[in-house]
Amino acid sequence: MTTITIPEGMPQYGDVPRFDVEKVRADFPILGREVNGHPMVYLDSGNTSQKPRQVIDAMREHFEHHNANVARSVHQVGTEATEAYEGARAKVARFVNAASPEEIVFVKNATEAINLVAYAISNSPAASRLALGPGDEIVISEMEHHSNIVPWQLLCERTGATLRWFKVTDAGRLDLEDLDELVNERTKLVSYALVSNVLGTVNPTSAITARAHEVGALVLLDASQGVPHIPVDVADLGADFLAFTGHKMCGPTGIGVLWGRYELLEQMPPVLGGGSMIETVTMERSTFAAPPARFEAGTPPIAEAVGLGAAVDYLTGIGMEAIRWHEKELAAYALDALGTVPGLRIFGPTTPVGRGGTISFGLDGVHPHDVGQILDSVGVEVRVGHHCARPLCVRYGVPAMTRASFYLYTTTDEVDALVRGLEQVRKVFG
Amino acid sequence: MEFEQLYQEIILDHYKHPHGRGLREPVTGSSVGEAHHVNPTCGDEVTIRVAADGDVLADVSYDGMGCSISQASASVLHELLRGQHAGQAFKIMDGFVELMGGRGQVTPDEELLGDGIAFAGVARYPARVKCALLPWMAFKDAAVRAGVAGSSPSAAASEVQGS
Ligand SMILES: Cc1ncc(COP(=O)(O)O)c(C=O)c1O
């Protein structure tokens with residue numbers, strides 16, 4: 001690895017917060033298992049993360065001792081369940097530095113969070129600042145997950161608005177050359193990934209949010225790959241909405257988060273109707289609760305919220321800054337190590353700057369399916385395919401990619417196992 | 001090692017040296033059908049062109065791109081079905097489909113399936129069964145379009161879609 005000497009007086013590498021990765025690994029029961037007779041090397045955290053005992057225990061504890069429905073019971077257990085659910089909301093709010101817990105809407109996953117905003121927009125009356133129609137534009141990017149493409153395509157179909165997008169440079173960065181033209185007076189919303197799930201790129205925010213707000217557009221950040229890996233402070237980011245998903249941040253599946261600035265959430269009409277989201281109901285019509293309840297129709301994922309709260313506590317205990325550094329060092333190590341594999345091409349930033357610990361690559365003459373299969377035979381679990389970002393694969397002229405994605409429990413030994421596995425792949429297909 | 005079951009030498013050989021690859025112009029007078037199938041989860045693609053002369057599959061040509069399993073399967077399909085009577089071709093196809101659906105429990109009939117028996121190991125990997133079946137499902141559709149009797153179109157599309 002290339003090391004740079006940092007001048008005296010500047011913050012040194014030694015000052016960076018760190019943690020003992022072996023101690024962290026001991027918290028994750030699944031990391032002790034084998035796959036095909038080899039110790040499992042789990043390099044698919046970008047897909048879903050593993051869960052620490054603390055999260056598993058918190059959910060079991062909830063079911064064993066506090067299970068009841070929320071917000072509609074006067075009894076003791078119901079009160080405990082409500083406190084647990086609302087407590088999780090408060091934890092998540094603190095984790096991303098939201099102005100208040102009421103800015104946190106619990107949903108099923110990031111996909112639902114994004115769709116919620118899209119449907120609230122098309123449900124908005126023409127007089128609303130959220131209303132969208134022919135002539136209006138929505139801007140996304142070429143590096144989006146399908147979750148941040150398809151809802152906007154559908155919204156444009158419903159409203160007659162036009163979809164536009166940032167291009168991606170060869171180096172795997174958003175091409176901001178045309179920022180001022182792309183984001184213009186017609187733009188109503190800019191929605192893009194804080195961190196790319198394929199390239200690992202950490203995208204810039206200030207230039208884009210500044211331009212968007214200058215022309216009166218709102219900004220949604222798909223932070224599905226951001227919140228789990230880097231410190232995220234919504235006050236700092238200057239965005240209007242943030243979407244993320246529990247299962248990629250040590251929490252369970254079935255719970256995700258939409259953060260929105262409260263004055264915007266307040267202007268948004270409901271999307272799903274039902275129990276818990278109303279103020280009063282007559283046979284003719286209903287009035288609706290204030291956010292976040294307005295957007296949480298029906299019985300919510302209660303135990304999942306508790307699990308997410310425990311995940312947030314766990315990550316906070318380790319420290320998001322330390323997790324960011326751990327992954328940065330892994331990325332540096334892996335980029336160097338993968339660079340030694342003949343015929344390997346990295347898609348995205350090849351230096352560990354402005355990127356996280358997710359690395360996609362191609363191996364000359366071998367289809368990613370075959371790469372993934374042979375890696376699996378030696379216990380190395382990676383993702384292969386288009387990673388729900390088909391336009392990005394098209395951008396790079398490949399039908400599919402192989403992706404290794406790291407997290408706080410990933411080690412350099414595991415990166416070595418990946419590189420050894422790739423040698424095996426080359427032998428079989430050589 | 002595990003992967004040797006999956007990547008039988010026969011499969012790798014068909015992948016690295018595909019037999020009769022490339023779509024061929026049919027001789028005039030034959031009845032032609034073509035189908036292009038895509039596996040949406042991985043982007044593998046295969047096009048199969050069937051040129052029928054009455055009841056005989058005078059040519060079965062193909063093209064595609066994708067993983068070793070899907071492309072080797074197309075090469076084997078070409079080997080097995082070209083020149084066959086429709087009835088026998090569908091018998092072979094049914095045998096191959098049965099083998100792939102057998103989760104490794106079906107003993108393949110070498111007489112019927114030839115090099116296709118190398119795919120027996122693939123049946124143990126549900127994620128890869130679709131790769132192996134991709135050209136066969138495309139063939140099924142192409143045969144219908146070529147007006148070859150004994151083929152039913154409906155199952156084909158649904159089997160490669162999904163997941
Ligand atoms: C960048 C990005 N956005 C959105 C999603 C969708 O997350 P979920 O499937 O949990 O809704 C993912 C996860 O695959 C992702 O990586």
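Residue-wise test of (1) of a type in the set (Lys, Arg); (2) over 30 Å from A:Ala289 (Cα atoms).
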| position | (1), (2) |
| --- | --- |
| A:Lys108 | yes, no |
| A:Ala113 | no, no |
| A:His146 | no, yes |
| A:Cys156 | no, no |
| A:Gly172 | no, yes |
Of the conditions (1) β-branched (Val, Ile, Thr); (2) closer than 30 Å to A:Arg72 by Cα; (3) within 16 Å of the ligand (Cβ to nearest atom), A:Thr287 fails just one. Which one is it? (3)
Count of region A:403-413 residues which are buried (at least 19 other Cβ atoms within 10 Å of the Cβ) and either within 12 Å of another protein chain (Cβ to nearest Cβ) or among the acidic types (Asp, Glu) (or both): 0
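Within region A:107-124, can you find the residues that are more than 16 Å from the ligand (Cβ to nearest atom) and touching a residue at least 60 places away in the same chain (Cβ under 8 Å)?
Of region A:107-124, the ones more than 16 Å from the ligand (Cβ to nearest atom) are A:120-124.
The answer is A:Ala120, A:Ile121, A:Asn123, A:Ser124.
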Say whether the condition of being away from the ligand (no atom under 16 Å from the Cβ), open to solvent by 70 Å² or more (accessible area, probe 1.4 Å) and not in a helix (DSSP H, G or I) is met by at least one residue in region A:17-29. yes
Identify, please: which residue in region A:380-402 is within 14 Å of the ligand (Cβ to nearest atom) and farther than 27 Å from A:Pro39 by Cβ and is, among those, nearest to the other protein chains (Cβ to nearest Cβ)? A:His386
Determine whether region A:130-146 contains at least one residue that is surrounded by fewer than 21 Cβ atoms within 10 Å (Cβ to Cβ), within 30 Å of A:Gly357 (Cα to Cα), away from the ligand (no atom under 13 Å from the Cβ) and of a type in the set (A, V, I, L, M). no
Residue that is farthest from A:Gly365 (Cα to Cα), among those in region A:333-342 that are open to solvent by 40 Å² or more (accessible area, probe 1.4 Å) and of a type outside the set (D, E, K, R): A:Tyr333
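Among strands (runs of 3 or more DSSP E) lying entirely in region A:306-399, which contain 2 or more residues that are in contact (Cβ under 8 Å) with a residue 24 or more places away in the chain? I'd like the intermediate steps shown before the answer.
Details: elements: A:344-347, A:358-363, A:383-385.
Here the list reads A:344-347, A:358-363.
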How many residues of region A:359-400 are open to solvent by 20 Å² or more (accessible area, probe 1.4 Å) and of a type in the set (S, T, N, Q)? The answer is 1
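The values are calculated or read from the model by the stated rules, or taken from the named source; none is laboratory data. Since we're looking at a predicted model, the values are computed, not measured. Cβ: placed from backbone, ideal geometry, glycine included. Neighbour counts: every protein chain shown. Keep in mind that these areas ignore ligands, DNA and RNA; they rest on the heavy atoms of the full protein, side chains included. Shrake-Rupley method; radii C 1.70, N 1.55, O 1.52, S 1.80 Å.
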